[in-house]
Amino acid sequence: MSLNFLQDLLVIGTIREYAMVAIGLLLLWLAIKKDYEPLLLLPIGAGCLMANFPGSNAVGEHGFLTLLYRVGIETELFPILIFIGIGAMIDFAIVLKQPVTLFFGGPPCLGIFGAMLMALGVNYFKPGFFSVGEAASIGIIGAADGPTSIYVAKMFATNWLAPIAVAAYSYMSLVPIIQPPVIRLLTSSRERKIRMESDYNAQVSKTVMILFPVLIIVLTGLLLPKGMVLVGPLMLGNLLRVSGCVDRLSKSAQNEISNVVTLFLGLTVGATMRADTFLQPQTILILAFGLIAFIFDTAAGVLFAKFLNLFLRHKLNPMIGAAGLSAFPMSARVVQKMAQQEDPGNIILMPAVGANVAGQIGSIVVGCLIISLLS
Amino acid sequence: MNDNTDQPSQPVAVQGVPANRFLKHDGTEPGAAFRAGLEISGICVIGIAIVLTIYYTGLRLLVALFPPKPDADPAAHDH
């Protein structure tokens, strides 16, 4: 009996393809065993696995992963839908109670530009390694905001979408490991013990809660119309939440829409992790610069708070500056934990959460600015 | 109707070269690309400061215009 049927069934792949299969398995392990952003890393790992087996028909002209890519990534629809879900989940009340908290969302974005300039610096050693659009997309990993990273990368660095998305989500899950050493390096024990006296029990009227997302949409329309694609869905989601008249839609945005799109987004990003594009020297650098962006973000936030302390009578605990990272709510938790390590009775969670929410706004504003400048 | 929907994400001038003055830097001229990066960074840093200040001003205005009514607005508390 001929063994030809085996040849028909088996497609022997390259070492690079099997290396990608191994990376897919690694992502699954990180998600399941280590609990690193499992909501995203599990579908990304599964997508990577299905797409890289030689002869897999999950990808290709009629593959379902290719179809999902066309529908959700090429059209940039998935990240936008995710923003509706995020908006419906975020409670902006804390920022409304202490509007000045909004400014903590700005400085941590400086890491974006540090990483972008480092990526462009590589061109001095190897001209043409990263274009400006690619460098900006790499920098945006520092926004610590997965959907923004994916959206910007899709626009300006399609080839590097997969490593950028993987870096963005991986480092977000590693915030408890990345941030503490940087914070400790830049603050003294005395500074970390500072107790903050702020009135986070102040009431805000429901009218303000409802008008806030509307106001941000209007201001974005006037100031950054090209950023509406990011800000609009986020604020729409929040409007669903606070309006009080569409509870079903709000719950759907927080649960069904968010969950389904997260699954599809993860699968699709995983499917873009193909050996020919992922196993490149650029990928290593993208992962490295992404990490540097997170470190710079943290440092910039802490230094900003320390700068403000030069002028304030009631000093801020400079660690809340680090919570201005968009990684919600991990950054706030990390900062609170560190405060309690220094002084068990020190509760800075509320201002830290405020800075964290402001970070969501800050990261999207930077995304809007980059889109406006480059498109 | 908003004409933005008709715009491609990366405007293309001729022969696949992006028309955007920043995007046209492909990194083959490192100095020019780096300067473009510096310019983008500068504009964005100033831009984010301005945008957040405007958001802040608008928010303060909202809070001042619509103060909470005593005992009539339970939505004011965290959700």
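General remarks:
- Rounded tilt (10° steps) of A:77-89 against the dominant C-alpha axis of chain A: 30 degrees
- Among A:Ile178, A:Ile86, A:Gly24 the positive-end extreme of the charge dipole of the protein assembly as shown (Cβ point charges): A:Ile178
- Sequentially through segment A:316-327, phi angles give Karplus couplings (6.51, -1.76, 1.60; θ = phi - 60°) of 8, 6, x, 5, 5, x, 5, 6, x, 5, 6, 5 Hz, Gly and Pro residues having no value and appearing as x.
- Segment A:112-161 shape via C-alpha gyration tensor axes, a/c threshold 1.5: oblate
- The separation of segment A:151-198 from segment A:266-323, counted between C-alpha centres, amounts to 4 Å.
- Distant-in-sequence amide contacts of A:Arg195, defined by a placed amide H-H separation under 5 Å and a gap of 5 or more residues or a different chain, comprise nothing.
- Centroid-to-centroid separation of segment A:226-257 and segment A:331-369 [C-alpha atoms, Å]: 23 Å
- Cut-off under 5 Å, modelled amide H: who pairs with A:Glu76 long-range: none
- Simple label model, 7 Å out from Cα along Cβ direction - A:Lys251 to A:Lys126, nm: 5.3 nm
- Overall form of the protein assembly as shown: prolate. Here a/c, set by the Cα gyration tensor axes a ≥ b ≥ c, is 1.5 or more, and a/b is the larger of a/b and b/c.
- Given charges at beta-carbon only (K, R positive; D, E negative), |dipole| of the protein assembly as shown in Debye: 1040 debye
- Projecting the Cα atoms of A:Ala271, A:Leu234, B:Ile50 onto the dipole axis of the protein assembly as shown, where Lys and Arg carry +1 and Asp and Glu carry -1 at the beta carbon, places B:Ile50 farthest toward the positive end.
- Whole-Hz ³J(HN,Hα) from phi, Karplus 6.51 cos²θ - 1.76 cosθ + 1.60, for segment A:14-25, glycine and proline x: 8, 4, 4, 5, 5, 5, 5, 4, 5, 5, x, 5
- Sites A:Glu61 and A:Asp91 - FRET efficiency at Förster radius 45 Å, r taken between beta-carbons, to 0.05: 0.50
- Prolate/oblate/rounded label for segment A:46-180 (Cα gyration tensor, a/c 1.5): oblate
- Residues A:Asn159 and A:Leu26, FRET efficiency given R0 of 30 Å [Cβ-Cβ distance, rounded to 0.05]: 0.85
- Couplings for segment A:145-153, taken from phi via the Karplus curve 6.51 cos²θ - 1.76 cosθ + 1.60 with θ = phi - 60°, read 9, x, x, 5, 4, 5, 4, 5, 4 Hz in order; Gly and Pro are left as x.
- For chain A, the longest principal axis of the alpha carbon atoms and the long axis of helix A:175-186 meet at an angle near 50°.
- Degrees separating the helix A:330-342 axis from the principal Cα axis of chain A, which is the longest one: 50 degrees
- Entries in A:Lys154/A:Lys226; A:Lys206/A:Lys315; A:Lys315/A:Lys337; A:Lys154/A:Lys251 that, when Cα-Cα distance is taken, lie over 27 Å: A:Lys206/A:Lys315; A:Lys154/A:Lys251
Read-outs: derived from the displayed coordinates by stated rules, not from any lab. Please read these numbers as outputs of a predicted model, since none were measured by experiment. Note that we place each Cβ from the backbone using ideal geometry, even for glycine, and neighbour counts take in every protein chain shown.
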